[in-house]
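The values are calculated or read from the model by the stated rules, or taken from the named source; none is laboratory data. All of these numbers come straight from a predicted model, not from anything done at the bench. Here the Cβ positions follow ideal geometry from the backbone for every residue, glycine too, while neighbour counts run over all protein chains shown. Please note that ligands, DNA and RNA were not included when accessible areas were found on the heavy atoms of the full protein model with its side chains. Shrake-Rupley method; radii C 1.70, N 1.55, O 1.52, S 1.80 Å.
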Amino acid sequence: TDRFPELAQLCDFLPPGTVIDGEVLAWDRAGEMPLSFARLQPRIGRKTVPKKLLTEAPAILMAYDLLEWGGADWRDRPLRARRAQLEAAIADLPLEVPIRLSARVGAADWSDLAEARARSRDLGAEGLMLKRLSAPYLAGRKKGDWWKWKVDPLTIDAVMIYAQAGSGRRATLYTDFTFAVWNGPPEKGDLVPFTKAYSGLTDAEFRQITA
């Protein structure tokens, strides 16, 4: 699209009939690591992206899985086979091509995996994705073959400054909350809004807050 024009060149390097499961990331080409999502956000909200923004936040496709190859549906094949073909498709591409393959994390046991998970935040990731090598590619929230082992969340003391009602079955509940932090001591400082939250609570918890 006009928001991510650099991705168009992937058509020159991947054969027709290729479908990849991936994620668009703002990418530090020098450090070969993702930039923060905040760097990508200004591009998402625009119809066209100025050259300055294209330079400051170049985008790549981080490839996670292969769904189709040569026009054939590969979703029923085991992850082991899908990953091998995806690696072969990307292995010899020049570095300037805007696609990267998600790194495999080797581990002998759970303690190795725990150490890898502990490094997630330093890498700008939200955790470790564990996938069974024999698993097919399934749509929806299927359990058993994939597990996102997230890092423990950080916490912050904040002030709720706005609450808005939800929609649909939650129209009678306050579900959208805006939070602020103090800039300076509370008796002299200002409240500065910094985030809006609207998920992560059960209906019972929303009812408790509404009351």
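Among the residues of this structure, LYS148 does not count as one that is open to solvent by 60 Å² or more (accessible area, probe 1.4 Å) and farther than 29 Å from GLU68 by Cβ. Of everything in the stretch 7-52 that's part of a helix (DSSP H, G or I) and over 23 Å from ALA125 (Cα atoms), which residue is most open to solvent (accessible area, probe 1.4 Å)? Residue satisfying both the conditions and the ranking: LYS51. Just name the residue that is farthest from the chain's Cα centre (by Cα) out of those in the stretch 104-132 that are basic (Lys, Arg) and more than 20 Å from ASP145 (Cβ to Cβ). If we take residues in the stretch 104-132 being basic (Lys, Arg) and more than 20 Å from ASP145 (Cβ to Cβ), then ARG119 is farthest from the chain's Cα centre (by Cα).
I'd like the full set of residues that are aromatic (Phe, Trp, Tyr) and either closer than 18 Å to LEU25 by Cβ or open to solvent by less than 70 Å² (accessible area, probe 1.4 Å) (or both), limited to the stretch 107-145.
TYR137
Annotation note: of ASP76, ASP65, the sole residue that is outside any helix (DSSP H, G or I), closer than 29 Å to LEU138 by Cα, over 19 Å from the mean Cα position of the chain (by Cα) and not small (Gly, Ala, Ser) is ASP76. Taking each residue of the stretch 99-117 that is touching a residue at least 24 places away in the same chain (Cβ under 8 Å) and under 30 Å from PRO5 (Cα atoms) and looking for partners that are part of a loop (DSSP other than H, G, I, E, B) and open to solvent by 50 Å² or more (accessible area, probe 1.4 Å) with beta-carbon atoms closer than 9 Å, six or more apart or interchain, yields ILE99/PHE13; ARG100/GLU32; LEU101/ALA91.
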